[in-house]
Amino acid sequence: MIARIFRLLPVLLLVFLTVGGVRIIYPSSSQSIVLRPLALDPAHPGPRRVGDFIFLSAWELGSNNEDFGGISALAALADGRFIGVSDAGTLIGFGLTRDDQTDRPFIAPLPDSRGLQATYKDRDSEGIALDVDSGQFWVSYEANHAIRRFSRSFARSTGIVRPREMQNWPINKGAECIIRLVDGRFMVISESLEDDDSHQALLFSGDPVEPGTDIARFTYRPPAGYRVTDGAQLPDGRLLILNRWVGVPNGFAAKLSLVDTSSIEKGANVSGKVIATLSSPLLVDNMEGIAISRDGAHVIVWLVSDNNFNIFQRTLLMKFRLSERRQKKKPEAVAAPGFESL
C-alpha cells in the first residue's frame with residue numbers, strides 16, 4: 001500500500017500544480033510585459049510542420065506585476081493586439097512588435113471584479129468571446145456560473161446572466177469555453193466530463209445576456225484522455241477546439257480538433273477531427289487559450305498557456321499558420337518529432 005502511494009505522488013503533485021498552483025507574489029503594479037523568444041524544438045530550429053500547422057514563433061511572457069499570469073482565454077483584436085482573461089479576474093492586453101517587444105501592454109482587473117461583495121468565485125474568468133463589429137466582449141465564469149458582457153475596451157459591464165442550464169455544473173469546472181459564432185449564436189462548453197467522457201455544452205440562439213435567447217443542450221466529446229480548454233471559429237466557419245491533457249511522465253499535451261458547426265444542434269453529441277497534437281519533447285505547457293487572426297490569405301492560430309501562478313510553469317504564446325492538407329509536402333515545413341496528425 002505504501003509503495004502504491006509513493007507511485008502516485010508524482011501524479012498528485014502534478015494535479016495540484018495544475019488546479020491550485022503555487023503562487024509566488026511579488027507586490028508590483030508594473031504594466032510591463034516582456035517577451036523571451038523560444039524554439040519549438042531547440043534541436044530542430046526554424047519553421048516546422050506540426051500536423052496541419054506550420055510553427056512560426058513562440059515566446060515566454062513575463063511581468064513583475066503580481067496579477068500577471070493564469071491566462072485562461074485569448075482574443076485577437078482587429079488592430080493586431082491581444083487581450084486575455086485570467087482565472088483571477090484580470091485583463092492582460094498587449095501587441096507584438098517585429099523585434100520581440102510588447103506594444104502597449106496593460107494589466108488591469110476586470111470591471112466589477114474587485115468590489116466589496118466580490119469573491120474569488122466571481123473572478124474565475126475562463127473564456128472570452130468578441131464581436132469585432134460592435135467591440136463588445138463576453139466572459140464566462142466557471143465557479144459562480146455566469147456570462148458577463150462588457151462594452152468596448154472593457155470600459156464597463158453591460159449585463160450578466162446566470163443560465164439555469166449552467167447551475168448544475170460543478171464548481172471550478174463550469175463554463176471553460178465560450179465562442180461567438182459569426183451568425184451571432186454562442187456556444188459554451190463546461191470543463192466537467194459526463195460518465196461517457198463528454199462535456200456538457202450549450203448553444204445560444206443569440207446574445208446570452210439578452211432576454212428571450214433560446215438555449216439548446218448538446219455535448220462535446222474531446223479526444224480520449226483530454227478536456228476542452230478553449231475554442232475559436234475559423235474564417236471558413238469550422239471550429240478549432242483546444243483540448244488539454246495532463247499526466248506523468250511527460251506533463252502536459254494538447255490536441256487541436258476541427259468541428260463542423262453544422263453538426264451542432266439540440267441533443268447532438270459532437271466530436272472533432274484531431275489535426276495536430278502538441279507534446280513533449282516540443283514546447284508545450286498548460287495550453288488554455290486559442291485565438292485566430294489573418295495574415296493576408298493565411299490563417300494564423302495563436303495558443304497561450306495558463307501558468308497557474310506557480311514557479312514550475314510558464315506563460316507561453318505560440319504562433320502557427322494553418323496549412324491545407326494539399327500543402328503538407330512543401331519543403332519549407334518538415335515533420336517535427338512530438339506531434340501527431342490523426
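The values are calculated or read from the model by the stated rules, or taken from the named source; none is laboratory data. What you are looking at is a predicted structure, and each value in this text was computed from that prediction instead of being measured. Positions of Cβ are generated from backbone atoms using ideal geometry, with glycine treated the same way; all protein chains shown enter the neighbour counts.
Of all residues in the stretch 188-233, those being surrounded by 13 or more Cβ atoms within 10 Å (Cβ to Cβ) and either outside any loop (DSSP other than H, G, I, E, B) or among the charged types (D, E, K, R) (or both) number 27. Within the set THR90, THR102, THR119, the sole residue that is among the polar types (S, T, N, Q) and within 18 Å of the chain's Cα centre (by Cα) turns out to be THR90.
The residues in the stretch 81-112 that are buried (at least 17 other Cβ atoms within 10 Å of the Cβ), small (Gly, Ala, Ser) and in contact with a Leu (Cβ under 7 Å, 6 or more places away or on another chain) can be counted, and the count is 2. Condition first: surrounded by fewer than 22 Cβ atoms within 10 Å (Cβ to Cβ), in contact with an Asp or Glu (Cβ under 9 Å, 6 or more places away or on another chain), modelled with pLDDT of 95 or more and closer than 18 Å to ALA268 by Cα. Can you find one or more residues in the stretch 133-140 that meet it? No, the conditions are met nowhere in the stretch 133-140. Would you check if there is a residue in the stretch 286-304 being part of a loop (DSSP other than H, G, I, E, B) and within 17 Å of the chain's Cα centre (by Cα)? Within the stretch 286-304, one or more residues are part of a loop (DSSP other than H, G, I, E, B) and within 17 Å of the chain's Cα centre (by Cα). Count of the stretch 252-268 residues, restricted to those that are over 15 Å from LEU239 (Cα atoms) and part of a strand (DSSP E or B), is 3.
Taking the condition surrounded by fewer than 13 Cβ atoms within 10 Å (Cβ to Cβ) and either in contact with a Cys (Cβ under 7 Å, 6 or more places away or on another chain) or farther than 23 Å from ASP197 by Cα (or both), does ASP236 pass? Judged against the criteria, ASP236 is a match.
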